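Undergrad: Here it is, the structure, as structure tokens.
Every number here is computed from the coordinates shown, using simple stated rules; none is lab data. As the structure is a computational prediction, the values presented were derived from the model and not from experiment. Glycine gets a Cβ as well: all are built from the backbone with ideal geometry, and neighbour counts include every protein chain shown.
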Amino acid sequence: MQSVSQKSSNDVQVQKKASIELDLLRSFGEKVYEEQRRVMLSPDMQFKLNTHMPTVLAVTESVYPNDETKQVAAFLHDIGRGDEFALTGGFVGKGELDHHEVGAKMLEDFWLSKNQDIDSPVFQAVYHAVRFHGLVDLKDKQGQEIVIPQFEALSDEQKDVVRSVSIADNITNGGQAAEYLHRELLEQRKNVFAGGFIPDETANSKQPSEYCLKAFEEGVNFNRNLECKTYADYHLFAGFLAVRELKSDDINRVKAMISVLEQPSSEVTWLKRDTHEVDSHSISSPITESWVRVDDLSKYSKDEVKLGVISHKNGLEAYRAIFKTSMDDEQADRCADILVNIYQQAKERVAAFELGEQLSSTVLKLPPPCL
């Protein structure tokens with residue numbers, strides 16, 4: 001039987017090992033992202049690297065301030081996006097080319113190359129967060145939960161890390177989705193971010209389905225690829241991610257969602273298209289198209305360069321703008337107003353919670369009783 005001092009010493013050793021492993025994983029991610037920022041100048045990848053990924057990390061730090069494993073997992077959650085983009089020309093990889101699988105394989109290869117313990121609890125938690133974030137606790141069209149056997153086999157601690165990173169990712173997407181959907185429209189592209197959603201050309205393109213509208217308003221989970229028939233539905237799915245978190249029972253998640261929605265959208269500048277091969281340890285095969293930053297736009301014709309600026313005061317304004325691209329004005333305003341009202345109710349909940357916290361921490365100094 002271990003003495004108290006022995007147990008304490010063992011705990012210190014475990015914590016030290018975990019800290020070293022987390023530093024190693026973080027260092028790997030920093031090198032990969034630095035290289036991707038240098039060579040992958042597509043606006044889509046730059047958005048992922050400089051806006052989406054840092055926000056997911058910031059949200060995780062806010063919601064889980066004392067959990068370094070969750071923070072490192074959030075930092076690395078989309079590490080496979082660069083290779084997915086290089087191999088498919090977008091974020092549309094499937095199977096082994098999906099960024100979940102690509103990223104998990106990158107981590108595994110790196111870990112083994114460093115002769116690290118593949119069964120380490122820290123590595124396994126981060127590895128599975130990269131592999132399964134955003135894929136768990138989903139339902140099919142019949143409302144049945146989609147079971148992933150590999151996820152179900154994980155420990156409760158590992159499942160918690162996966163779910164926590166998924167939450168941070170959803171909060172970020174809920175606040176920023178309108179921005180990249182708007183960019184998609186400006187570039188006149190379809191389904192780059194849809195991940196399998198294919199519009200039904202026979203459906204009323206300006207009218208969301210009652211099912212998607214209700215799910216959006218109530219913050220109820222629904223399957224994007226199965227339920228979305230029009231871009232109106234698809235844009236409501238993006239808004240649903242925000243509504244779900246604004247209605248969360250976890251006040252820290254609510255506060256994080258409010259914070260992301262209140263951020264102004266990024267300015268996006270289109271760049272000159274270029275073609276060349278890139279030799280990079282972080283890219284599995286050479287890319288045939290990249291983007292070069294343009295300092296003097298007057299040197300290029302309109303066919304050679306696209307310039308566009310998306311600027312919204314906050315996420316709520318961005319959602320109103322994107323709704324107006326896929327719905328008639330009356331329906332767009334209705335959906336935008338629903339989101340604004342839910343946001344305002346969430347703000348009131350946070351204010352009430354913080355007031356309650358303040359009152360509970362106040363010690364009343366009462367006069368001594370009269371005898």
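Undergrad: Above 24 Å lies some portion of the pair distances; for segment 4-113, what is it as a whole percent of all C-alpha pairs?
TA: Summing the P(r) tail past 24 Å for segment 4-113 gives 33 percent.
Undergrad: Could I ask something else about it? Working out 0.36 nm times the residue gap between S259 and K114, then minus their Cα-Cα distance, what length gain in nm do you get to one decimal?
TA: Values: separation 145, 0.36 × 145 = 52.20 nm, distance 3.86 nm.
Here the segment from S259 to K114 would lengthen by 48.3 nm.
Undergrad: Amide H of T230: which non-local residues (sequence gap of 5 or more, or other chain) have their own amide H closer than 5 Å, using H built in the peptide plane?
TA: For T230, whose amide H was placed from the backbone, the distant partners under 5 Å are D200.
Undergrad: Applying the Karplus parametrisation 6.51 cos²θ - 1.76 cosθ + 1.60 with θ = phi - 60° to the phi angles of segment 216-225, what ³J(HN,Hα) value in whole Hz is obtained for each residue in order, glycine and proline being reported as x?
TA: With coefficients 6.51, -1.76 and 1.60, one gets 4, 5, 8, x, 9, 4, 8, 7, 4, 6 Hz.
Undergrad: Same structure, new question: Scan around K139 for amide H atoms under 5 Å from its own, H built in the peptide plane at 1.01 Å from N, and keep only partners 5 or more places away or cross-chain.
TA: Those lying under 5 Å, H to H, from K139 are I146.
Undergrad: Quick one: which residues, 5 or more positions from F91 or on another chain, have an amide H under 5 Å from its amide H? H modelled 1.01 Å from N in the peptide plane, none for Pro or chain starts.
TA: For F91, no residues qualify.
Undergrad: Turning to a different aspect of this structure: I need the calculated FRET efficiency for the pair S9 and N223, taking r as the beta carbon distance and R₀ as 56 Å, to the nearest 0.05.
TA: E between S9 and N223, to the nearest 0.05, is 0.65.
Undergrad: Karplus couplings for segment 45-59 from phi (6.51 cos²θ - 1.76 cosθ + 1.60, θ = phi - 60°), rounded to Hz, Gly and Pro as x?
TA: 5, 5, 5, 4, 6, 9, 10, 5, 4, x, 6, 4, 5, 5, 5
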